[in-house]
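Q: Below is one structure. I have some questions about it.
The values are calculated or read from the model by the stated rules, or taken from the named source; none is laboratory data. The structure presented is a predicted model; accordingly, all values stated were derived computationally and were not measured. Counting neighbours? That spans all protein chains shown, and the Cβs are built from the backbone with ideal geometry, glycine included.
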Amino acid sequence: MLIASLRSDDFLQIFSPALFTKVSEDYGDEAAARVRKLKRLLERGQNLAERDKLKLINKHFNKIEFRSDQSHWGKVDYWATPIELIATGAGDCEDYSIAKYFSLRALGVAPEKLRLMYVKAVRINQAHMVLTYYPEPDSMPLVLDNLTDSILPASKRKDLIPVYSFNAEGLWQSKALNQGKRVIENSQAPWHELLNRIESGY
């Protein structure tokens, strides 16, 4: 079963003693301590209102150091798992967005409310990924972005030009940040590869 479809209590089972031991062996005791901190954060946040869950998770991951895939992993493009992001203490916009997605799923936010969205960030003139949250299916989404701790409606993010969005359920082409046409069932190769790595325990 892929983690993207698990209930929140099941998701938290990945934080096992074996996981902490593996992280400690691979990245050191401080890395394992950071992973334990995330587990405690997810446990404490279970009963928060949904908007408060967004704020909690956005701020937590935005504190992590930004580092390009080439510098960090020696690869042009690499999607880190949430555990890899926390353990290594650095990542890029894709890693932040992915970690926020899985963390909010762990806090019980329904998958249909969350989409990872590729955009063009006008101010920095480059491709960028954010996480969008839809309170209702056709509502204006809120944008969780590593470039700011403020969670703003998409209508106020004129600096972002949407390209496409996806989650565990599908892939959408986006004409605007609050709407998009579902084009195919999710066939994102990096996404499936990421899910497989998480499912295998990391």
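Q: What single numbered condition from (1) touching a strand residue (DSSP E or B) at 6+ places or on another chain (Cβ under 7 Å); (2) without any contact (Cβ under 8 Å) to a residue 12 or more places away in the chain fails to hold for LEU54?
A: (2)
Q: Evaluate the following for VAL130: is it assigned to a strand (DSSP E or B), at pLDDT 95 or above, in contact with a Cys (Cβ under 8 Å, 6 or more places away or on another chain) and among the hydrophobic types (A, V, I, L, M, F, W, C)?
A: On the way: assigned to a strand (DSSP E or B): yes; at pLDDT 95 or above: yes; in contact with a Cys (Cβ under 8 Å, 6 or more places away or on another chain): yes; among the hydrophobic types (A, V, I, L, M, F, W, C): yes.
Yes; evaluated as a whole, the condition is true for this residue.
Q: Could you identify the single residue in ARG123, ARG115, ARG105 that is of a type in the set (Lys, Arg) and assigned to a loop (DSSP other than H, G, I, E, B)? Write out each step before concluding.
A: On the way: ARG115 fails: assigned to a loop (DSSP other than H, G, I, E, B); ARG105 fails: assigned to a loop (DSSP other than H, G, I, E, B).
The match here is ARG123.
Q: Having 1 or more residues that are modelled with pLDDT of 95 or more is the bar; report the helices (runs of 4 or more DSSP H) wholly within region 1-62 that clear it.
A: Details: elements: 8-11, 17-27, 29-44, 50-62.
In region 1-62, the matching helices (runs of 4 or more DSSP H) lie at 17-27, 29-44, 50-62.
Q: For region 69-102, enumerate the residues that are assigned to a helix (DSSP H, G or I), of a type in the set (D, E, K, R) and more than 16 Å from LEU54 (Cβ to Cβ).
A: ASP69, GLU84, GLU94, ASP95
Q: Looking at LYS158, LYS175, which one is at pLDDT 90 or above and surrounded by fewer than 20 Cβ atoms within 10 Å (Cβ to Cβ)? Reasoning before the result, please.
A: Values: LYS175 fails: at pLDDT 90 or above.
Of LYS158, LYS175, the one residue that is at pLDDT 90 or above and surrounded by fewer than 20 Cβ atoms within 10 Å (Cβ to Cβ) is LYS158.
Q: Could I ask something else about it? Taking interchain pairs and intrachain pairs at least six residues apart, which have beta carbon atoms under 8 angstrom, with the first residue in region 120-145 and under 14 Å from SER165 (Cα atoms) and among the aromatic types (Phe, Trp, Tyr) and the second in a loop (DSSP other than H, G, I, E, B) and modelled with pLDDT of 90 or more?
A: TYR133/VAL109; TYR133/PRO141; TYR134/PRO141
Q: Every residue in region 63-83 that is under 22 Å from LEU12 (Cβ atoms) and either touching a helix residue (DSSP H, G or I) at 6+ places or on another chain (Cβ under 8 Å) or modelled with pLDDT under 95 (or both), please.
A: Across region 63-83, the qualifying residues are ILE64, TRP79, ALA80, THR81, PRO82, ILE83.
Q: Can I ask one more? Consider GLU84 carefully, then state whether it is more than 11 Å from the chain's Cα centre (by Cα), crowded, with 21+ Cβ neighbours inside 10 Å and among the acidic types (Asp, Glu).
A: yes
Q: Hey, among the residues in region 11-62 that are surrounded by fewer than 13 Cβ atoms within 10 Å (Cβ to Cβ) and hydroxyl-bearing (Ser, Thr, Tyr), which one's nearest to the chain's Cα centre (by Cα)?
A: Within region 11-62, the match that is nearest to the chain's Cα centre (by Cα) is SER16.
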